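Read the figures in this text as sums done on the coordinates, not as results from a lab. Computed from a predicted model, the values in this text were never measured in an experiment. Note: ideal-geometry Cβ built from the backbone for every residue, glycine included; neighbour counts use all protein chains shown.
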Amino acid sequence: MSDARIRSYRDLTIWQDAMTLAETVYRLTSAFPKDELYGMTSQMRRASVSIAANIAEGHGR
């Protein structure tokens, strides 16, 4: 993808991949035991969303 076509972080393939990962993590962790909701489930979800957020933040610099 050329720089001329990248107007937003949403145009970045790596950001799109990170969002796909986050969606997958949310789907997979929905099957985790409910007693893990505030433990491992929450940690995995926050970490997966953080990847896309960090890419977006880095693009803005």
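Run through the range 7-60 and list the trypsin sites (Lys or Arg not before Pro) located in a DSSP loop whose Cβ has at most 15 other Cβ atoms within 10 Å. List each step's numbers first, then the result.
Details: sites: Arg7, Arg10, Arg27, Lys34, Arg45, Arg46; in loops: Arg7.
For trypsin sites (Lys or Arg not before Pro) across the range 7-60 that sit outside H, G, I, E and B with at most 15 neighbouring Cβ atoms in 10 Å, the list reads Arg7.
Can you work out ³J(HN,Hα) from phi for every residue in the range 20-32, in order, using Karplus 6.51 cos²θ - 1.76 cosθ + 1.60 and θ = phi - 60°, giving whole Hz and x for Gly and Pro?
4, 4, 4, 4, 5, 4, 4, 5, 5, 6, 5, 8, 5
Express the C-alpha Rg of the chain as a ratio against the empirical globular expectation 2.2 N^0.38 Å, rounded to two decimals. Write down the numbers at each step before the final one.
Working: Rg = 14.2 Å, N = 61, 2.2 N^0.38 = 10.5 Å.
It is 1.36.
Label-point separation (nm) for Asp35 and Glu23, each offset 7 Å from Cα along Cα-to-Cβ?
3.3
Got the relative contact order for the chain handy, in percent, Cα pairs under 8 Å and 6 or more residues apart?
Details: 34 pairs, mean separation 27.7, N = 61.
For the chain, the relative contact order is 45 percent.
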